[in-house]
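Colleague: Below is one structure. I have some questions about it.
Computed from the coordinates by the stated procedures, all read-outs in this text should not be read as laboratory data. Please read all numbers here as calculations on a predicted model, not as lab measurements. So basically every Cβ, Gly included, is an ideal-geometry build from the backbone, and we count neighbours across all protein chains shown.
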Amino acid sequence: MENKKFDKKLLLGLLIILVVGFGVMGYLKKETLFSPDILISEAFELDEADQVVRDIYDLVRAQDDVWATIAPERSVKVVFEQALTSDDDITIYARGASGTPAQVKVYVEGSDRPVAVFPPVAREQSYKIFLTELKQPTDTFILRVVGSLELDYVVDPSPVTVTDTFTDETKIASKANITVDTSAGQVLLSVASTWTCGDALVDSHDGKSYGTVLIGGQCWMQQNLNVGTLVLGSATQGTSCATIEKYCYNDIESNCTTYGGLYQWDQAMCGGTTAGATGICPAGWHIPTHDEFTTLERATCTSGSCETDFPYDLITTGYRGTNEGTTLKNVSGDFRGLLAGYRMTSGTFLDLGEYGYFWSSVESGSNAWRRLLYSSQVGVFRSAAAEAVGFSVRCLKD
């Protein structure tokens, strides 16, 4: 009798374990989804004319400490097993040859504009970029290398997306670097970008890097934008985002390096008129609106009368505030508003080191609102100006 009682208890326990086990397995299978890595199927080293030099697929198809050394100024063509979209990313395991940093820009085959730029590749580690500017799905990419690169692995890693049929976020142990979305009646977890304001911003147009800073609740670039090809001050700039044109003070490129480019409003806005448009700014950034400049001024204001000093309207003009201009033009401060001068409608340049002019994305008739910092004034000047002049552009995070 004792043995039979024991056998019944044992059998009952085994059944409970099986039921619970299958339940957990079913729960995981139903509720948790993991996308596999998207691997490459081909890889080639290209010369300066984009001609194949050698097949390097066996060297870079897996992270195995077998390296492909890419000669200076050459490129790598990779083909993935399936097309990537703007929701995907590319990761490389790489290092700069001899520890010297290399730059890697990612292009769609046949395009002359990068869709992404890797952070500088120096020490041996994984480097990731997001393909947010990719317009059409594609499986083929060109990785153009500036400098010399050693490459071990190329992959589109699994996004590790997890879904659940309830919206209880308390079951998430940590939300670090994770995007949580409960808008569709379920918990959706996905890998989030680790970029935060204060990190360097790399412009996918040309790979230039800009400092960023959080002022109040806004994330601003700390330098004037310098993107595009120099055209003489006597020329009229275009309106295309595909072929951006810039003025450099006195037609000298090095002035753009120091002070940023100068742009007519139509070029800055890429021919558009929508307030807050991306314009010539990097993806995820935009030309600030008139009100967003006002928010910056209020965040900088210490007078105690900030709301009346800087009203949200399209009527008030002239110098405003008490010390905000001094704060914003401090080159060791947060905003670092360089006094880059401007390009006049006549095609000549004026006021370098004396005035700094910044476009907003808000029109006023045939003019557009701007901000002005003057070396001899403590306030900030607001007014509308002719769209044909050339002013600086300072981008704001979306």
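Colleague: Ranked from highest to lowest mean number of other Cβ atoms within 10 Å per residue, what is the order of the peptides 351-358, 204-211?
Modeller: 351-358, 204-211
Colleague: Here's something else I'd like to know. Once the other residues with Cβ under 11 Å from the Cβ of Phe44 are scored (Lys, Arg +1; Asp, Glu -1), what is the net sum? Before the final figure, lay out each step's value.
Modeller: Details: positive: Arg54, Arg74, Lys77; negative: Glu42, Glu45, Asp47, Asp50, Asp55.
Value of the local net charge: -2.
Colleague: Can you check what the net charge comes to around Lys77, using other residues whose Cβ is under 13 Å from the Cβ of Lys77 (Lys, Arg +1; Asp, Glu -1)?
Modeller: Every neighbour counted, the sum reads -4.
Colleague: Can you quote the Å³ per residue value for the convex hull of the Cα atoms in the stretch 201-397, rounded to an integer? Could you put the intermediate results ahead of the total?
Modeller: Details: hull volume 20.4 nm³, N = 197.
Cα-based convex hull of the stretch 201-397, divided per residue, equals 103 Å³.
Colleague: Using the per-residue mean of other Cβ atoms lying within 10 Å as a proxy for protection, in what order, highest first, do the peptides 47-57, 295-305 fall?
Modeller: 295-305, 47-57
Colleague: Which pairs break 28 Å Cα to Cα here: Lys128/Lys397; Lys77/Lys208; Lys77/Lys128; Lys128/Lys329; Lys135/Lys329; Lys77/Lys246?
Modeller: Lys128/Lys329; Lys135/Lys329; Lys77/Lys246
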